[in-house]
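Reading through the structure tokens given below for one structure.
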Amino acid sequence: MPIVFKHSDSIKDLRLAVWDHATDAEGADPSHFLDETELAQFYGFRSRTRKTEFLTVRRLLREMGVSEAKITYDQYGRPLLSDGGHLSITHSGTKV
């Protein structure tokens with residue numbers, strides 16, 4: 001669950017974080033982190049990897065103080081924040 005790196009730039013309101021979910025992927029109760037719509041999405045995924053990525057991204061946003069904004073997707077599948085903020089997500093192994 002630790003954030004490996006976090007950087008804030010108050011001028012641009014830019015935040016960067018890396019989360020290694022390898023240590024906490026098991027046993028996290030998704031109902032503590034997801035609303036009803038997100039839970040339906042979560043349980044719709046068949047892949048355990050995809051479920052872990054989905055939950056980890058939302059937990060990371062919450063840790064960074066972006067818990068009120070929801071992730072939506074544009075017509076091309078790019079993630080957006082419901083509060084108008086921009087978001088870029090990358091997954092590599094156990095890192096988000």
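The values are calculated or read from the model by the stated rules, or taken from the named source; none is laboratory data. Quantities reported herein were computed from a predicted structural model and do not represent experimental measurements. As a convention, Cβ positions derive from the backbone with ideal geometry for all residues, glycine included, and neighbour counts pool all protein chains shown. Remember, those area values only see protein heavy atoms, side chains included, never the ligands or the DNA or RNA. Shrake-Rupley method; radii C 1.70, N 1.55, O 1.52, S 1.80 Å.
Shape call for the chain from the C-alpha gyration tensor, a ≥ b ≥ c root eigenvalues: rounded (a/c under 1.5), prolate (a/b greater than b/c) or oblate? Before the final figure, lay out each step's value.
Details: a/c = 1.67, a/b = 1.21, b/c = 1.38.
In terms of gyration-tensor shape, oblate.
Solvent-accessible surface of protein heavy atoms, probed at 1.4 angstrom with all chains present, puts T72, T37 in the order T37, T72, largest first.
Checking the a/c ratio against 1.5 first, then a/b against b/c, what shape does the Cα gyration tensor give for the range 56-96? Judged from the Cα gyration tensor, the range 56-96 comes out oblate (a/c at least 1.5, b/c at or above a/b). With protein chains left intact and a 1.4 Å probe, residues in the chain average 69 Å² of accessible area per residue.
For the chain, which span is the longest to avoid every loop-located (per DSSP) member of trypsin sites (Lys or Arg not before Pro) having at most 10 other Cβ atoms inside 10 Å?
On the way: sites that count: K12, R46.
Longest stretch, sites excluded: 47-96.
Applying a DSSP loop filter and a limit of 14 other Cβ atoms within 10 Å to the GluC sites (Glu not before Pro) in the range 3-96 leaves E26, E68.
In the range 4-96, which chymotrypsin sites (Phe, Trp or Tyr not before Pro) are in a loop and have at most 16 other Cβ atoms within 10 Å, using DSSP for the loop call?
On the way: sites: F5, W19, F33, F42, Y43, F45, F54, Y73, Y76; in loops: F33, F45, Y76.
Answer in residue order: F45, Y76.
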